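Following: one structure in structure tokens, then a few remarks.
The values are calculated or read from the model by the stated rules, or taken from the named source; none is laboratory data. Values in this document were obtained by computation on a predicted structure and should not be read as measured data. A quick note on method: Cβ atoms are made from the backbone with ideal geometry, for glycine too, and the neighbour counts reach across all protein chains shown.
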Amino acid sequence: MRKATEFGVGLTLLLVAGGCGMSRYEFEPNRVYLRAQENITRVELSPVQRQDIQDILAFWFGTPDEPRFPALADVPMDEILDLELLQAAAGPVGSEEDGTNFGVYRRNCAVCHGITGDGIGPAGAFLNPYARDFRRGLFKYTSTLGPMTPPTDQDLRLLLERGMPGTSMPSYQLLADRDLDALVQYVKYLAIRGSVERALIVESVDHLRDADDRLVDVDFDRDSPERIAAALAELTPLISFLARPWLDAPSRVVEVPPRPEGWDSSEAVARGRELFAGQVANCATCHGDDGRGDVDTVDYDDWTKEYFDPQNPRRVHEYLALGALKPREMVTRNLQWGIFRGGSEPEDVYQRIFHGIPGTPMPAAPIKDADAPATDLRLTTDDLWDLVAYVLFLSSSGDLVANGSVASSNVSGQ
């Protein structure tokens, strides 16, 4: 027997819900992205065309209380999303008599990330940095190759267990394994659903030129599910295209090579310092020679760039009125603080250098191929380990480096 409550979400979200156990949540349309695309194409969708997008999404992906996903002929969605875990994460907060939880996302995540996964939960506007908007399907901390390759389940699970130091994202290591796995599934679900919504918006503004044009010619309130599914068949390749990378993500993992002997020696730190300031790694351009991150740069993350143009800042008020959060400039990490949001183990730092941080100005390192000639100026794996040694040395002995001195002790021994 289930005991349903809404108390785990926070008082503000409870009031919005309308009371204990009374769930009235709906997925909010991505109004900001829609307006941005309308401004680019100079096409404004009619209310019917906008509603069609939401009706299509509801038919394919259900509601916050009853999530689902479509069956596809060419992509096994049940290998990407586990429906049982997805349903455990969704819906009102409560538990079974045996202690099995449900509504896990709403209890732990919605107050910051929002029911829709847009990063605009009741607490979202007050956070710095803002909570992640999952709808773009873009994640900063992954082990997979390529800026648009999704994370693996293990990547997401690891982030939940660790939290994100220096932000409002706490560690959820004390949650039950099933709850953590359910959250991983729900984040993936929100990302895929949000990406499909964006694709439907682009499809609409690109092809609907008349107010009477529609993506599909069905009555969602009256037609049978079979007729609706047949009418949507031409659009299902959008889901396949956006879901397949999640299926392929495990095959795109780049394993971190073992630490070489003497990886954290003073000689490695000295080499890393030269690379850090050199033109190939080019770290000092943003982080400064001593890693303080106080170089005068003005840039924004990719989520902000979708609606904010620094050359036309007055237009931002239009997007703020639609729910966008006030643009904030990116702040380059001060490496001397030793706060690494993607993990502070040497292997974590290696991954951040190798992969970069997608969605931010932090690029992936230029890696030299195994058969590249000696004149190739790109970086080797040993170079990356030297950079790791220097970055970790900065985080523990930054003042010595700033003064031009490199300690003789190993990083691991400080």
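Check whether at least one residue in segment 239-254 is part of a loop (DSSP other than H, G, I, E, B), without any contact (Cβ under 8 Å) to a residue 24 or more places away in the chain and either of a type in the set (Val, Ile, Thr) or not assigned by TED's automatic domain parsing to the domain that holds ALA73 (or both), and report yes or no.
Taking segment 239-254 as the starting set, the residues that turn out to be part of a loop (DSSP other than H, G, I, E, B) are 254.
Then keep just the ones that are without any contact (Cβ under 8 Å) to a residue 24 or more places away in the chain; that gives none.
No: segment 239-254 contains no residue that is part of a loop (DSSP other than H, G, I, E, B), without any contact (Cβ under 8 Å) to a residue 24 or more places away in the chain and either of a type in the set (Val, Ile, Thr) or not assigned by TED's automatic domain parsing to the domain that holds ALA73 (or both).
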All helices (runs of 4 or more DSSP H) inside segment 282-391 with 2 or more residues being more than 22 Å from GLU261 (Cα to Cα) and within 20 Å of the chain's Cα centre (by Cα): 302-305
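Just checking, does segment 149-158 include any residue being closer than 17 Å to ARG244 by Cα and either surrounded by fewer than 20 Cβ atoms within 10 Å (Cβ to Cβ) or out of contact with any helix residue (DSSP H, G or I) (no Cβ under 8 Å at 6 or more places or on another chain) (or both)?
Of all residues in segment 149-158, those closer than 17 Å to ARG244 by Cα come to 149-153.
With either surrounded by fewer than 20 Cβ atoms within 10 Å (Cβ to Cβ) or out of contact with any helix residue (DSSP H, G or I) (no Cβ under 8 Å at 6 or more places or on another chain) (or both) added as a condition, the list becomes 152-153.
Yes, segment 149-158 contains a residue that is closer than 17 Å to ARG244 by Cα and either surrounded by fewer than 20 Cβ atoms within 10 Å (Cβ to Cβ) or out of contact with any helix residue (DSSP H, G or I) (no Cβ under 8 Å at 6 or more places or on another chain) (or both).
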Top-ranked residue in segment 310-323 [being surrounded by 13 or more Cβ atoms within 10 Å (Cβ to Cβ) and of a type in the set (D, E, K, R); ranked as nearest to GLY114 (Cα to Cα)]: GLU318
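Listed here are the residues, each with its yes/no results for (1) surrounded by fewer than 12 Cβ atoms within 10 Å (Cβ to Cβ); (2) in contact (Cβ under 8 Å) with a residue 60 or more places away in the chain; (3) not small (Gly, Ala, Ser).
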{"site": "ARG178", "(1), (2), (3)": "no, yes, yes"}
{"site": "ASP181", "(1), (2), (3)": "no, yes, yes"}
{"site": "GLN185", "(1), (2), (3)": "no, yes, yes"}
{"site": "VAL205", "(1), (2), (3)": "no, yes, yes"}
{"site": "LEU208", "(1), (2), (3)": "no, yes, yes"}
{"site": "ALA211", "(1), (2), (3)": "no, yes, no"}
{"site": "VAL216", "(1), (2), (3)": "no, yes, yes"}
{"site": "PHE220", "(1), (2), (3)": "no, yes, yes"}
{"site": "SER224", "(1), (2), (3)": "yes, no, no"}
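Would a scan of segment 122-129 turn up a residue that is under 24 Å from VAL331 (Cβ atoms), in a helix (DSSP H, G or I), more than 17 Å from the chain's Cα centre (by Cα) and assigned by TED's automatic domain parsing to the domain that holds ASP219?
Start the filter on segment 122-129 by keeping residues that are under 24 Å from VAL331 (Cβ atoms), which leaves 123-129.
Next, only the ones that are in a helix (DSSP H, G or I) stay: 124-126.
Okay, now just the ones that are also more than 17 Å from the chain's Cα centre (by Cα), so 125-126.
Add one more test, that the residue is assigned by TED's automatic domain parsing to the domain that holds ASP219, and what stays is 125-126.
So far as segment 122-129 goes, yes, one or more of its residues are under 24 Å from VAL331 (Cβ atoms), in a helix (DSSP H, G or I), more than 17 Å from the chain's Cα centre (by Cα) and assigned by TED's automatic domain parsing to the domain that holds ASP219.
Report, by residue number, each residue of segment 324-336 that is surrounded by 15 or more Cβ atoms within 10 Å (Cβ to Cβ) and in contact (Cβ under 8 Å) with a residue 60 or more places away in the chain.
The first filter runs over segment 324-336 and keeps only residues surrounded by 15 or more Cβ atoms within 10 Å (Cβ to Cβ), leaving 324-325, 327, 330, 332-336.
Listed by number, the residues that qualify are ALA324, LEU325, LEU335, GLN336.
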